[in-house]
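Engineer: Sharing a structure here in structure tokens format.
The values are calculated or read from the model by the stated rules, or taken from the named source; none is laboratory data. What you are looking at is a predicted structure, and each value in this text was computed from that prediction instead of being measured. Cβ sites come from the backbone with ideal geometry, for glycine too, and all protein chains shown count toward neighbours. Side chains are part of the model used for accessible areas, which takes the heavy atoms of the whole protein and leaves out ligands, DNA and RNA. Shrake-Rupley method; radii C 1.70, N 1.55, O 1.52, S 1.80 Å.
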Amino acid sequence: MENQEEHIVLYKDEPDEHAGRCECGNNVFKSRVLDGKFYRKCQECGKTKIV
């Protein structure tokens, strides 16, 4: 299993260019709530945003 460091950015710092889509063009995400924050991870490129 690979050990990748997750790249996490804040949505307010890097908003979506097209609503509901990652910069790579993908619109499939894995979401989770941790410590009261909503995390959205792109299933294509792996970029995570705190929304």
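Engineer: List the pairs whose first member sits in the range 17-34 and is more than 12 Å from LYS47 (Cβ to Cβ), whose second member is open to solvent by 80 Å² or more (accessible area, probe 1.4 Å) and among the basic types (Lys, Arg), and whose Cβ atoms are under 7 Å apart, counting only residues at least 6 apart or on separate chains?
Structural biologist: Correct list of pairs: ASN27/ARG21.
Engineer: For the range 32-51, which positions are open to solvent by 70 Å² or more (accessible area, probe 1.4 Å) and either of a type in the set (A, V, I, L, M) or touching a His at 6+ places or on another chain (Cβ under 7 Å) (or both)?
Structural biologist: Across the range 32-51, the qualifying residues are VAL33, LEU34, VAL51.
Engineer: Looking at the range 22-31 only, could you name the residues that are in a loop (DSSP other than H, G, I, E, B), surrounded by 13 or more Cβ atoms within 10 Å (Cβ to Cβ) and hydrophobic (A, V, I, L, M, F, W, C)?
Structural biologist: Hit for the range 22-31 is CYS22, nothing else.
Engineer: Return the residue satisfying two criteria in turn: it lies in the range 6-21 and is in a loop (DSSP other than H, G, I, E, B) and under 11 Å from the mean Cα position of the chain (by Cα), and of such residues it is nearest to TYR39 (Cα to Cα).
Structural biologist: Taking the range 6-21 first, the residues in a loop (DSSP other than H, G, I, E, B) are 6-7, 11-21.
Narrowing further to those that are under 11 Å from the mean Cα position of the chain (by Cα): 6-7, 11, 14-16, 20-21.
Details: GLU6: 12, HIS7: 12, TYR11: 10, GLU14: 14, PRO15: 14, ASP16: 14, GLY20: 13, ARG21: 14 Å.
Filtering first and then ranking leaves TYR11.
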